[in-house]
Amino acid sequence: ILLDKPAGLSSNQALQRVRRSLNARKGGHTGSLDPFATGMLPICLGEASKTAAYMLEASKVYRAVAHLGKATSSGDIEGEAIREQEVPDRDVSQINTVLGSFLGEILQIPPMYSALKHQGQPLYKLARQGISVERKARPVTIFQLGLVSWQSPYLSFEANCSKGTYIRTLAEDICTALGCCGYLQELRRLSVEPFSPAGMVSMA
(Lines give C-alpha, C1' and ligand atoms only; values in the text may rest on other atoms or scores of the structure.)
Protein backbone atom coordinates (compact mmCIF):
# COMPACT_ATOMS: atom_id res chain seq x y z
CA ILE A 1 0.00 0.00 0.00
CA LEU A 2 1.41 3.39 -1.02
CA LEU A 3 -0.04 5.48 1.78
CA ASP A 4 -0.18 9.24 1.48
CA LYS A 5 0.67 9.84 5.12
CA PRO A 6 -1.12 12.84 6.64
CA ALA A 7 0.57 15.33 8.94
CA GLY A 8 0.21 14.74 12.66
CA LEU A 9 0.88 10.99 12.71
CA SER A 10 4.15 9.16 13.19
CA SER A 11 4.96 6.57 10.55
CA ASN A 12 4.32 3.78 13.04
CA GLN A 13 0.95 5.25 14.03
CA ALA A 14 -0.03 5.39 10.36
CA LEU A 15 1.13 1.80 9.88
CA GLN A 16 -0.87 0.52 12.85
CA ARG A 17 -4.04 2.27 11.68
CA VAL A 18 -3.75 0.69 8.23
CA ARG A 19 -2.91 -2.70 9.72
CA ARG A 20 -5.92 -2.64 12.04
CA SER A 21 -8.32 -1.43 9.36
CA LEU A 22 -7.30 -4.32 7.10
CA ASN A 23 -7.01 -6.90 9.92
CA ALA A 24 -3.41 -7.61 9.00
CA ARG A 25 -1.41 -9.43 11.65
CA LYS A 26 1.98 -8.36 10.34
CA GLY A 27 3.12 -5.14 8.77
CA GLY A 28 6.02 -2.81 8.24
CA HIS A 29 6.89 0.44 6.48
CA THR A 30 9.89 1.32 4.36
CA GLY A 31 11.38 4.41 5.92
CA SER A 32 10.02 6.82 8.50
CA LEU A 33 8.51 10.22 7.88
CA ASP A 34 8.46 12.72 10.74
CA PRO A 35 4.99 13.43 12.16
CA PHE A 36 4.82 16.89 10.54
CA ALA A 37 5.79 15.45 7.13
CA THR A 38 3.36 14.11 4.54
CA GLY A 39 3.55 11.92 1.48
CA MET A 40 4.45 8.47 0.27
CA LEU A 41 4.89 5.82 2.95
CA PRO A 42 5.04 2.33 1.41
CA ILE A 43 3.41 -0.14 3.79
CA CYS A 44 3.97 -3.89 3.49
CA LEU A 45 1.37 -6.20 5.04
CA GLY A 46 1.38 -9.95 5.67
CA GLU A 47 4.06 -11.85 3.76
CA ALA A 48 5.06 -8.64 1.98
CA SER A 49 6.37 -7.31 5.31
CA LYS A 50 9.45 -9.49 4.75
CA THR A 51 10.46 -7.23 1.87
CA ALA A 52 10.28 -3.95 3.82
CA ALA A 53 13.93 -4.04 4.90
CA TYR A 54 15.14 -4.36 1.30
CA MET A 55 13.11 -1.35 0.21
CA LEU A 56 14.91 0.87 2.73
CA GLU A 57 17.73 1.03 0.16
CA ALA A 58 15.54 2.92 -2.34
CA SER A 59 16.15 6.50 -3.45
CA LYS A 60 13.44 9.03 -2.63
CA VAL A 61 12.09 12.31 -3.97
CA TYR A 62 11.03 15.12 -1.61
CA ARG A 63 9.56 18.58 -1.86
CA ALA A 64 10.57 20.81 1.02
CA VAL A 65 10.18 24.36 2.28
CA ALA A 66 13.02 25.94 4.24
CA HIS A 67 12.45 29.00 6.43
CA LEU A 68 15.53 31.19 6.28
CA GLY A 69 16.61 33.51 9.08
CA LYS A 70 15.50 31.36 12.01
CA ALA A 71 16.94 28.23 13.60
CA THR A 72 15.19 25.70 15.82
CA SER A 73 16.47 23.16 18.32
CA SER A 74 15.45 20.24 16.10
CA GLY A 75 16.15 21.79 12.71
CA ASP A 76 12.48 21.64 11.78
CA ILE A 77 9.15 23.23 12.61
CA GLU A 78 8.64 21.00 15.66
CA GLY A 79 11.59 22.46 17.57
CA GLU A 80 11.91 25.58 19.70
CA ALA A 81 13.30 28.77 18.17
CA ILE A 82 16.92 29.23 19.24
CA ARG A 83 18.36 31.87 16.90
CA GLU A 84 17.42 34.56 14.39
CA GLN A 85 19.47 36.19 11.67
CA GLU A 86 18.81 38.68 8.91
CA VAL A 87 18.04 37.01 5.57
CA PRO A 88 20.45 38.27 2.91
CA ASP A 89 19.22 39.32 -0.52
CA ARG A 90 19.63 36.42 -2.92
CA ASP A 91 18.40 36.15 -6.49
CA VAL A 92 17.35 32.97 -8.30
CA SER A 93 20.71 32.65 -10.04
CA GLN A 94 22.59 32.72 -6.75
CA ILE A 95 20.22 30.20 -5.21
CA ASN A 96 20.60 27.83 -8.16
CA THR A 97 24.37 28.07 -7.83
CA VAL A 98 24.16 27.10 -4.15
CA LEU A 99 21.78 24.22 -4.87
CA GLY A 100 24.13 22.97 -7.58
CA SER A 101 26.96 22.78 -5.05
CA PHE A 102 25.09 20.04 -3.18
CA LEU A 103 24.74 17.70 -6.16
CA GLY A 104 26.54 14.36 -6.12
CA GLU A 105 28.03 12.66 -3.08
CA ILE A 106 28.13 14.92 -0.02
CA LEU A 107 28.83 14.43 3.66
CA GLN A 108 26.05 14.97 6.18
CA ILE A 109 26.25 15.06 9.94
CA PRO A 110 23.10 13.29 11.20
CA PRO A 111 20.91 15.52 13.38
CA MET A 112 20.54 14.89 17.10
CA TYR A 113 16.80 14.60 16.55
CA SER A 114 17.07 11.29 14.68
CA ALA A 115 16.54 7.60 15.35
CA LEU A 116 20.25 6.79 15.09
CA LYS A 117 21.59 5.22 18.26
CA HIS A 118 24.47 6.15 20.54
CA GLN A 119 25.43 3.44 23.03
CA GLY A 120 22.01 1.87 22.53
CA GLN A 121 20.03 5.09 23.02
CA PRO A 122 18.21 6.82 20.14
CA LEU A 123 19.73 10.23 19.57
CA TYR A 124 16.38 11.98 19.80
CA LYS A 125 15.93 10.74 23.38
CA LEU A 126 19.29 12.22 24.33
CA ALA A 127 18.42 15.46 22.52
CA ARG A 128 15.21 15.78 24.53
CA GLN A 129 17.35 15.62 27.69
CA GLY A 130 19.52 18.44 26.37
CA ILE A 131 22.40 16.06 25.63
CA SER A 132 24.43 16.41 22.44
CA VAL A 133 26.98 13.80 21.32
CA GLU A 134 29.49 13.81 18.50
CA ARG A 135 28.18 12.29 15.26
CA LYS A 136 30.32 11.18 12.36
CA ALA A 137 29.61 12.67 8.95
CA ARG A 138 28.15 10.13 6.54
CA PRO A 139 28.18 10.10 2.72
CA VAL A 140 24.85 10.49 0.93
CA THR A 141 24.10 11.23 -2.71
CA ILE A 142 21.94 14.03 -4.09
CA PHE A 143 20.95 12.99 -7.61
CA GLN A 144 18.84 16.05 -8.42
CA LEU A 145 18.18 19.28 -6.54
CA GLY A 146 16.02 22.01 -8.02
CA LEU A 147 14.44 25.28 -6.98
CA VAL A 148 10.63 25.26 -6.85
CA SER A 149 10.05 28.78 -5.55
CA TRP A 150 11.79 31.59 -3.66
CA GLN A 151 9.89 34.25 -1.76
CA SER A 152 12.02 35.41 1.14
CA PRO A 153 12.21 33.99 3.75
CA TYR A 154 10.71 30.82 2.21
CA LEU A 155 12.71 28.61 -0.12
CA SER A 156 10.99 25.62 -1.71
CA PHE A 157 13.12 22.93 -3.35
CA GLU A 158 12.79 19.40 -4.72
CA ALA A 159 15.42 16.74 -4.04
CA ASN A 160 16.02 13.26 -5.42
CA CYS A 161 18.39 11.59 -2.99
CA SER A 162 19.84 8.32 -1.76
CA LYS A 163 18.83 6.41 1.34
CA GLY A 164 20.03 7.93 4.59
CA THR A 165 19.66 11.53 3.44
CA TYR A 166 18.25 13.88 6.08
CA ILE A 167 16.27 16.58 4.28
CA ARG A 168 16.20 18.55 7.53
CA THR A 169 19.99 18.68 7.51
CA LEU A 170 20.06 19.44 3.79
CA ALA A 171 17.70 22.38 4.34
CA GLU A 172 19.83 23.73 7.19
CA ASP A 173 23.01 23.37 5.13
CA ILE A 174 21.44 25.12 2.13
CA CYS A 175 20.41 28.03 4.36
CA THR A 176 23.92 28.23 5.80
CA ALA A 177 25.39 28.30 2.28
CA LEU A 178 23.02 31.16 1.46
CA GLY A 179 24.39 33.17 4.38
CA CYS A 180 22.05 32.62 7.33
CA CYS A 181 20.49 30.02 9.55
CA GLY A 182 17.27 28.25 8.71
CA TYR A 183 15.02 25.31 9.45
CA LEU A 184 12.77 22.86 7.61
CA GLN A 185 9.21 24.14 7.70
CA GLU A 186 7.41 21.71 5.39
CA LEU A 187 8.27 18.31 3.95
CA ARG A 188 6.45 16.06 1.52
CA ARG A 189 7.79 12.80 0.15
CA LEU A 190 6.71 12.64 -3.47
CA SER A 191 7.91 9.15 -4.34
CA VAL A 192 9.97 6.14 -3.29
CA GLU A 193 11.80 4.17 -5.98
CA PRO A 194 10.37 2.39 -7.98
CA PHE A 195 6.83 3.51 -7.15
CA SER A 196 4.82 6.22 -8.92
CA PRO A 197 3.00 8.89 -6.90
CA ALA A 198 -0.08 8.09 -8.99
CA GLY A 199 -0.49 4.95 -6.89
CA MET A 200 -0.82 6.72 -3.54
CA VAL A 201 -3.97 6.33 -1.46
CA SER A 202 -5.18 8.59 1.35
CA MET A 203 -6.04 7.42 4.83
CA ALA A 204 -9.83 7.23 5.27
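The values are calculated or read from the model by the stated rules, or taken from the named source; none is laboratory data. The model shown is predicted, which means the values in this text are computed figures rather than measured ones. In this analysis, Cβ positions are derived from the backbone assuming ideal geometry, glycine residues included, and neighbour counts consider all displayed protein chains. Side chains included, ligands, DNA and RNA excluded: accessible areas come from the protein's heavy atoms. Shrake-Rupley method; radii C 1.70, N 1.55, O 1.52, S 1.80 Å.
On average, how much area does the Cα convex hull of the stretch 23-65 cover when viewed from any direction, in nm²? Before the final figure, lay out the partial values.
Details: hull surface 14.8 nm².
Averaged projected area of the stretch 23-65's Cα convex hull equals 3.7 nm².
So, R0 is 35 Å and r is the distance between the beta-carbons of A115 and S21; what FRET efficiency does that work out to, to 0.05?
Details: r = 25 Å, r/R0 = 0.73.
After rounding to 0.05, the efficiency reads 0.85.
Which loop GluC sites (Glu not before Pro) in the stretch 1-84, with loop taken from DSSP, have no more than 10 other Cβ atoms within 10 angstrom of their Cβ? Don't skip to the answer; put the middle values down first.
Details: sites: E47, E57, E78, E80, E84; in loops: E57, E78, E80.
Sparse-neighbourhood loop GluC sites (Glu not before Pro): E80.
Would you calculate the separation in nanometres between label points at K163 and V201, each defined as 7 Å from the Cα along the Cα-to-beta-carbon direction?
In this crude spin-label approximation the distance works out to 2.6 nm.
Sort all Cα-Cα distances of the chain into consecutive 10 angstrom bins from zero, then give the percent of pairs in each bin up to the one containing the longest distance.
Per 10 Å bin, starting at zero, the Cα-Cα P(r) for the chain comes out as 8, 33, 36, 19, 4, 0 percent.
Using the basic label-point model (7 angstrom from Cα toward the beta carbon), what is the E80 to Y124 distance in nanometres?
Calculated label separation equals 1.8 nm.
With respect to the cross-link table entries K5/K125; K50/K117; K5/K60; K26/K125; K5/K26, which display a Cα-Cα separation exceeding 21 Å?
On the way: K5/K125 24 Å; K50/K117 23 Å; K5/K60 15 Å; K26/K125 27 Å; K5/K26 19 Å.
Pairs exceeding 21 Å: K5/K125; K50/K117; K26/K125.
Counting other Cβ atoms within 10 Å, which GluC sites (Glu not before Pro) in the stretch 115-195 have at most 15 and lie in a DSSP loop? Walk me through the numbers before you get to the answer.
Details: sites: E134, E158, E172, E186; in loops: E134.
Qualifying residues, ordered by number: E134.
Accessible area of C44, 1.4 Å probe, to the nearest 10 Å²?
That residue has around 10 Å² of solvent-accessible surface.
If you take the alpha carbon radius of gyration of the stretch 164-204 and divide it by 2.2 N^0.38 Å, what ratio comes out, to two decimals? Intermediate results must be reported in sequence, preceding the final value.
Details: Rg = 14.3 Å, N = 41, 2.2 N^0.38 = 9.0 Å.
It is 1.59.
Select from the stretch 1-96 those trypsin sites (Lys or Arg not before Pro) which occupy a DSSP coil region and have at most 13 other Cβ atoms within 10 Å, ordered by residue number. Before the final figure, lay out each step's value.
On the way: sites: R17, R19, R20, R25, K26, K50, K60, R63, K70, R83, R90; in loops: R25, K26, R90.
Within the stretch 1-96, the qualifying trypsin sites (Lys or Arg not before Pro) (loop, at most 13 other Cβ atoms within 10 Å) are R25, K26.
Search the structure for amide H atoms under 5 Å from the amide H of T72, placed 1.01 Å from N in the peptide plane, and list their residues when 5 or more places away or on another chain.
Amide H neighbours of T72, under 5 Å, 5+ apart: I82.
Subtract the Cα-Cα distance of L103 and R135 from 0.36 nm times their separation in residues, and report this length gain in nm to one decimal. Spell out each step's value before the answer.
Numbers: separation 32, 0.36 × 32 = 11.52 nm, distance 2.24 nm.
Stretched fully, the L103-R135 segment lengthens by 9.3 nm.
For the chain, what is the mean residue ellipticity at 222 nm derived from helices alone (per DSSP H run of n ≥ 4: -39500 (n - 2.57); sum divided by total residues; nearest 500 deg cm²/dmol)? The partial results should precede the final answer.
Numbers: 5 runs with 41 residues, N = 204.
That calculation yields -5500 deg cm²/dmol at 222 nm.
With a sphere of radius 13 Å drawn around the Cβ of I174, what net charge do the other residues whose Cβ falls strictly inside it have (Lys, Arg +1; Asp, Glu -1)?
On the way: positive: R90, R168; negative: E158, E172, D173.
In short, -1.
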